Amino acid sequence: MSSQNYVFQDNQHDTEHIRLSAIQDEFDPDSRRRLSQIGITAGWSALEVGAGMGSIMSWMADQVSVQGKVVAVDIDTRFIENTNLPNVEVRCLDIAEKKLDTSYFDVCHARYVLLHIRDWKKAIENIWQSLKPGGWLVIEEPDFETSKAVAHPDKESVNRVNKAILAMYESMGIDPCFGSHLPQIFQQLGSEKIMVETYVPFANGGSRISQIMKMSAQHLAERYIATGVCLQADIERYIAVADDPSVWAYYYTTVATIGRKSLG
């Protein structure tokens, strides 16, 4: 049985392609900057957990060059299984259930993955043991509690949907503020040189982040309503706000945490 709680696992191929593309466009620049910051370079071995459509996987493959290697893992490899990059290996697996090579990777990156794994402690343990001494861990996870609408007639509907998102994750046994716990998790691992960045988009309707959350609301509407926190009418207003360039809102925080495995 899979240890995953991935709420988009049943998303249709084309719809999921569009959603993942928007996520790449919005968040890849910062992910690449963070990986560049730790010095990823030719000859490194890199692990991408939850590779999605493979944009970071492909970028890392270019950075490590033919002297290095990238291993990309996901429970759903439909978008990357036909990659023809010579220094990339794609593995379809559940990171919480399958150990990887011990002390093999120079760097591991994961974005919006651990939130969806029931046994995230086992997943991060497996990732940590796969890093070489001195290897780097870069994890980016959300904190949904920061989302809120500003002054607008539909503000209360938007905020009810935001609360429904929290309630949905909590009903699944998932902490919707998971990203905020990353620094402490890294400390417990014994990580050195811990660096933390937060990104809270304040954006108007029609922006990439508003469209990402609109697509989520469309796909997860029944789950949101099932929490009892919001109604269909609230979701319809939330979607309208996401399309209205005159309306601004805060969206979820991304907490990026970087740490290094001890050389000792």
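For the chain, lysine pairs with C-alpha atoms less than 20 angstrom apart, excluding pairs fewer than eight positions apart on the same chain, total 23. Between the entries (i) -0.61; (ii) -0.78; (iii) -0.68, the label attached to log10 I(q)/I(0) by the Debye sum over Cα atoms at q = 0.11 Å⁻¹ calculated for this structure is (i).
In this structure Glu81 has an accessible area near 110 Å², from a 1.4 Å probe over the protein heavy atoms. What Kirkwood radius, in Å to one decimal, follows from the Cα pairs of segment 66-115? Taking every pair of different Cα atoms in segment 66-115, averaging 1/r and inverting gives 12.2 Å. For segment 115-210, a Kirkwood hydrodynamic radius built from all Cα pairs, placed in the Stokes-Einstein relation at 25 °C and 0.890 mPa s, yields a translational diffusion coefficient of 156 µm²/s.
Anyone know which of Ile18, Ile235, Ile209 comes out most mobile in the 10 Å Cα GNM of the chain? Maximum among the listed residues: Ile18.
Note on Asp14 and Val196: their simple-model spin labels are 4.3 nm apart, each label 7 Å out from Cα toward Cβ. Angle check, please: helix 55-64 long axis (alpha carbons) against the longest principal axis of the chain (alpha carbons), in degrees 0 to 90, nearest 10. Long axis of 55-64 versus the principal axis of the chain: about 20 degrees. Enter the angle in degrees (range 0 to 90, nearest 10) between the Cα long axis of helix 232-243 and the first principal axis of the Cα atoms of the chain, meaning the one along which they spread out most. The helix 232-243 is inclined about 70 degrees to the chain. Figure legend: label point modelled 7 angstrom from the Cα of Lys132 along Cα→Cβ; residues of segment 57-89 with amide N under 11 Å from it are 68-69.
Taking only protein heavy atoms and a 1.4 Å probe, the accessible area of the chain is 49% carbon and sulfur. With respect to the chain, whose longest principal axis is taken over its alpha-carbon atoms, helix 208-226 is tilted by about 70°.
In terms of accessible area, using a 1.4 Å probe and ignoring ligands and nucleic acids, Asp175, Asp154, Asp25, Asp62 rank largest first as Asp62, Asp25, Asp175, Asp154.
I want the local charge near Leu182. Using Cβ-Cβ distances under 10 Å, sum +1 for each Lys or Arg and -1 for each Asp or Glu among the other residues. Local charge sum for Leu182: -3. Max-minus-min Cα coordinates of segment 132-264 on each principal axis give 57, 31, 21 Å, with the largest extent listed first. What the chain shows is 44 Å² of accessible area per residue, with the surface traced by a 1.4 Å probe over protein heavy atoms. A simple rule links phi to the HN-Hα coupling: the Karplus curve 6.51 cos²θ - 1.76 cosθ + 1.60 with θ = phi - 60°, which for segment 246-260 gives 8, 10, 10, 7, 8, 10, 4, 7, 9, 9, 9, 10, 10, x, 10 Hz, with x for Gly and Pro. Which far-off residues, 5 or more places away or on another chain, put their amide H under 5 Å from the one on Val71, with H placed in the peptide plane? Under 5 Å from the amide H of Val71 lie the amide H atoms of Ala46, Leu47, Glu48, Glu89, each far enough along the sequence or on another chain.
The values are calculated or read from the model by the stated rules, or taken from the named source; none is laboratory data. Keep in mind it's a predicted model, so treat the numbers as computed, not measured. Virtual Cβ from ideal backbone geometry, glycine too; neighbours counted across all protein chains shown. Accessible surface is based on the protein model in full, side chains and every heavy atom, while ligands, DNA and RNA are left aside. Shrake-Rupley method; radii C 1.70, N 1.55, O 1.52, S 1.80 Å.
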